[in-house]
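**Student:** Handing you a structure now.
No lab work stands behind these numbers, since they all come straight from the coordinates. Since the structure is predicted, the reported quantities are computational estimates derived from the model, not experimental observations. Methodologically, a virtual Cβ is constructed for each residue, glycine included, from the backbone with ideal geometry; neighbour enumeration extends over all protein chains shown.
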Amino acid sequence: MLTLKNSKMSKGNRSTGFTLIELLVVISIIALLIALLLPALAEAKARAEAVACESNESEMGLAMQEYLQTWKGFYPGNEVINGPGIANNFCVWVPRLMTMMGSGSAKLFYCPARPIDMEYQGYLWPSSNTTPPLGYAKGTVELGFGYTKGQQVLFLGGQWPVQTDSTGRQIALPAFSYGYNDWGTLGAFPLQGQLPYGEGLGGDIDAVNNPPESFPQVPQSAVQNPTQMIAITDRIDDAAHGLANYQFIYNSDPTRSNVTLPETSIPGVVQWAEWPGAIHAGDSNVLFADGHVAPYSQKDLTEINPNQGGSRMNMMWNNDHAIHAPNTGFY
């Protein structure tokens, strides 16, 4: 009996905690579940960002249609040449669309999939000793281009002050989430004998009528196929590639430029300074001139060579919906 009693006491005193092996098994299972869930969570987050970006561009599309109605059927154009030299170039399509969108609309010009450096609200005057664009002073308004008093100008004239991170590495700023199709497949400026505004939706609008860089805004009647005319796209991340002080941070262009960047979704091919971005799993959201938004791969958007299957895309960048080689003579 004594033996039986001791046996029962022994069982009652036995520890009910986990053994080391059991803990390791549980931890391994949790780690496995996390490893399985993380890709799904990352994919869900990326999809949510893409949907938010689509919504941003849809709002821009509604604003563009309202702008066309308000301003007698003319598109807003891309930038103003408000005097000689690059220091007088600044963006107008963003503030002009914002006039149709109401207060708080600046946040719609920032894709949540991009670095915070690409947020529109982050743009400041370059430095205290930099001359502002002609006709501007800090905190003032230049009527006619959409900017309101105190609003920061989307502008990159002169040099921005050097900034460094905690490791002393120079930070390349700025960049911008979206780009406007200013010149189509022609690149900068129309060729002789063509319509003066080129083949996009309006490039350099000269506020002071300064030839030869004086181009009128594009009339709605010039866009032959609005459902297939690219207006605005996601754009590449200049800042992440170390491209400081690039002047045309608000453009979208499928052609080559004098600035090349690494890391493209097309194996073995660099991207050029004004390309649409491969932002959403290799895609760029595209706003068309009729107001609808659809995703296209960076590869497809930049294949404009008709000899390599790019005829349809070439036409989608041009307001006359025709094939045009770029001014440089190569694709």
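**Student:** How do Asp253, Asp238, Asp300 line up, fewest other C-beta atoms within 10 Å first? Intermediate results must be reported in sequence, preceding the final value.
**Tutor:** Details: Asp253 28, Asp238 25, Asp300 19.
Lowest count first: Asp300, Asp238, Asp253.
**Student:** In terms of modelled amide H atoms, which long-range or inter-chain residues lie less than 5 Å from the amide H of Phe90?
**Tutor:** Hits under the 5 Å cutoff: Val80, Asn82.
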